[in-house]
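Following: one structure in structure tokens, then a few remarks.
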Amino acid sequence: MNIILHFEQYIYLSIWILANFYSLFSLVQAQNEILENNPQLGYSLRDLAHGWAFVDRLRDISDVEWSTWKHFIQTSWVYLILQFAISEIIRKTKLTCLKHWYIISSIMFVLIYWGWKPLIIILMQPVIFSTIIFLGGKKTSIWLTSIVLLMSYNSLKYKYYFWNFLDYKHIQDEEVYLVLFAVAWIELRCISFCVDYIDMKEKFTKEKAYKVSIYQAILDMFSYVLYAPLLYVGPIMLYEDFEKSFTVKNEKYTTKLKRFVWDMLLYLFYTFLLDLSFHYVYFYALQSNIEAIKSLPTLALCGGGLWMGLVFHLKYVISYGTTGAFARLDNMEPPPIPRCVARIHVYSLMWRYFDVGLYQFLSKYIYKPGYSVLSNSLKLSKFVNKLIASLATFIFIFMWHGTVWNIFVWSSLNYIGILLEYTGKAVSSTEGYKWFRTKILRSNSMENRWIAFLCSPLLALSAISNFYLLAGSEIGDLFFGLLKGPTWSNCFIISLSLYCCCQISIALKDIPSRTDIRKISEKKNVNVFVPN
């Protein structure tokens with residue numbers, strides 16, 4: 001029986017891999033035909049530029065996040081290595097000065113590479129938040145301030161305020177984007193520190209005052225918020241995890257360096273592969289001409305959706321992995337790198353395992369406190385309390401990512417997906433479903449087939465929702481249009497592919513990513529904003 005089940009899994013895996021390659025092949029073939037039949041189109045696409053000489057092809061340069069990340073690492077890697085070398089000396093000679101060095105080093109880093117105007121923007125939030133907590137502000141003040149700052153930040157960046165302030169005519173676009181990215185990450189770190197600081201103060205009674213001086217608190221906050229390797233592109237590491245790096249046993253220099261070199265070589269290879277692929281797939285560049293995208297066949301368009309997901313995954317593996325490798329040199333344990341989107345079939349797993357640091361933040365500071373307050377103050381069912389707490393979480397997600405229409409649609413569809421998962425989980429615990437599982441399904445393998453069948457439409461909705469995030473409303477609407485009247489052949493191919501993906505995802509659910517230290521799912525009694 002086990003042999004049959006293993007063979008079945010290999011069939012699913014083969015079909016899913018074949019479907020991926022075929023859709024990508026269809027995309028490249030259709031894209032080349034469009035460019036060959038419309039020679040002027042290639043010249044009019046502003047995001048196609050001359051590529052590598054040995055490839056002798058045009059290259060898609062439209063991904064701003066990717067070009068910004070490369071600019072960051074290319075200009076700063078020498079400084080980050082120098083910072084680590086000095087940090088290691090301080091750690092072995094006078095550990096108490098290490099936080100001072102982190103602050104000084106980060107300020108020098110910003111001034112040397114970006115200038116004093118970006119430094120003002122970067123320091124603004126920690127100054128505001130530290131002022132609030134030292135004046136006796138509570139969590140309500142922290143969250144109200146964070147909401148006001150998010151609204152101000154989103155409105156100003158869309159009106160090019162930051163661009164004008166930073167004098168963008170005399171600096172590169174990537175440098176402006178780095179400052180914009182930094183502002184978003186800094187807000188999360190400020191919230192993490194302030195909430196932890198307030199929680200610590202509240203643990204002490206009036207008879208036993210909280211014995212941390214203002215100077216020490218400022219030192220703790222600014223060393224965490226301004227830590228250079230994670231300053232611009234993340235990932236978010238919670239304050240409690242940052243503090244652990246000062247108390248854990250220091251690994252041997254050679255051990256840390258060997259792992260760092262291996263990580264850098266691996267991510268450099270990934271970078272080469274991703275840049276090489278941009279010489280052959282122009283799906284992002286074609287989006288500047290929506291008629292060209294609309295002319296793609298259905299399966300080629302599905303290949304474009306798959307392509308966007310794979311690029312999104314790989315660039316975050318590279319960026320989070322590289323900055324995490326620098327943080328690991330300083331005895332920190334950054335969140336695991338994202339799991340591949342091609343092996344995730346439901347919203348809950350996407351949120352739990354793609355951006356683990358953001359997931360930890362949302363769960364610890366929004367979902368769990370919100371759920372606790374609702375449970376203690378309102379006489380509602382556990383199910384309703386979870387949904388309300390999840391709604392508050394997704395409202396913050398919407399505000400943090402940007403208050404624009406495509407982000408709203410993406411956030412809303414994600415919440416609807418979570419709602420459907422909650423409902424499915426609730427139904428699975430009823431007596432009726434237990435009878436159905438025992439009398440009709442009868443085995444775990446049959447239940448997995450049933451779950452994969454039910455999750456296939458949810459996977460399609462999950463994919464389309466992500467297209468709103470990755471490509472905007474016009475492209476997202478185009479993918480939704482595929483649901484109106486698909487041909488029987490396309491419907492069968494896509495449905496079979498989605499079903500196989502669900503089966504593979506279920507089989508690989510407990511297989512971690514390369515750097516997954518399994519902290520999330522192994523914690524006991526942890527409420528999360530997606531179903532367990």
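The values are calculated or read from the model by the stated rules, or taken from the named source; none is laboratory data. Small disclaimer: the values here were computed from a predicted structure and weren't measured. All Cβ positions, even for glycine, are placed from backbone atoms using ideal geometry, and neighbour counts span all protein chains on display. For accessibility, only protein heavy atoms count, side chains too; no ligands or nucleic acids. Shrake-Rupley method; radii C 1.70, N 1.55, O 1.52, S 1.80 Å.
Below, the figures for the structure above:
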{"quantity": "Sorted peptide list for 357-370, 404-417, criterion being average Cβ within 10 angstrom, highest first", "calculated": "357-370, 404-417"}
{"quantity": "Pairs from K117/K364; K117/K201; K244/K368; K138/K249; K94/K138 whose Cα-Cα separation, in the structure shown, is over 24 Å", "calculated": "K117/K364; K117/K201; K138/K249; K94/K138"}
{"quantity": "Residues S155 and V384, FRET efficiency given R0 of 30 Å [Cβ-Cβ distance, rounded to 0.05]", "calculated": "0.35"}
{"quantity": "Mean Cβ count within 10 Å, highest first, over the residues of peptides 59-66, 339-346", "calculated": "339-346, 59-66"}
{"quantity": "Cβ-Cβ FRET estimate between I11 and V261, R0 fixed at 51 Å, reported to 0.05", "calculated": "0.80"}
{"quantity": "Expected 222 nm ellipticity per residue - DSSP helices of 4 or more, -39500 (n - 2.57), all of the chain, to 500", "calculated": "-24000 deg cm²/dmol"}
{"quantity": "For q = 0.09, 0.17 Å⁻¹, Debye-computed log10 I/I(0) when each Cα of the range 272-402 counts as one equal scatterer", "calculated": "-0.42, -1.04"}
{"quantity": "Förster radius 30 Å - calculated FRET efficiency between T75 and K509 (Cβ-Cβ, nearest 0.05)", "calculated": "0.15"}
{"quantity": "Order of exposure, largest accessible area first, which applies to F25, F480 with probe 1.4 Å", "calculated": "F25, F480"}
{"quantity": "Amide N of the range 133-166 lying under 15 Å from the label point, which is placed 7 angstrom from the Cα of V373 along Cα→Cβ", "calculated": "138-148"}
{"quantity": "List Y499, Y253, ordered by accessible area with a 1.4 Å probe, largest first", "calculated": "Y253, Y499"}
{"quantity": "Ellipsoid semi-axes in whole angstrom, largest first, where each is sqrt(5λ) of the Cα gyration tensor of the chain", "calculated": "39, 32, 23"}
{"quantity": "In sequence order, calculated HN-Hα J values of the range 230-236 (Karplus, 6.51, -1.76, 1.60; Hz; x Gly/Pro)", "calculated": "9, 5, 9, 10, x, x, 6"}
{"quantity": "Extension reserve of the K138-D199 stretch, reckoned as 0.36 nm per residue once the Cα distance is removed", "calculated": "21.0 nm"}
{"quantity": "Heavy-atom accessible surface of the range 212-282: percent carbon and sulfur, 1.4 Å", "calculated": "70 percent"}
{"quantity": "Amide H contacts of F354 (H built 1.01 Å from N, under 5 Å, at least 5 apart or other chain)", "calculated": "R339"}
{"quantity": "Exposure rank, largest accessible area first [V225, V55, V148; 1.4 Å]", "calculated": "V148, V55, V225"}
{"quantity": "Average accessible surface area per residue within the chain, 1.4 Å rolling probe, Å²", "calculated": "49 Å²"}
{"quantity": "Phi to ³J(HN,Hα) by Karplus 6.51 cos²θ - 1.76 cosθ + 1.60 over the range 320-337, Hz, x for Gly, Pro", "calculated": "5, x, 5, 5, x, 5, 5, 5, 5, 4, 8, 6, 8, 10, x, x, x, 5"}
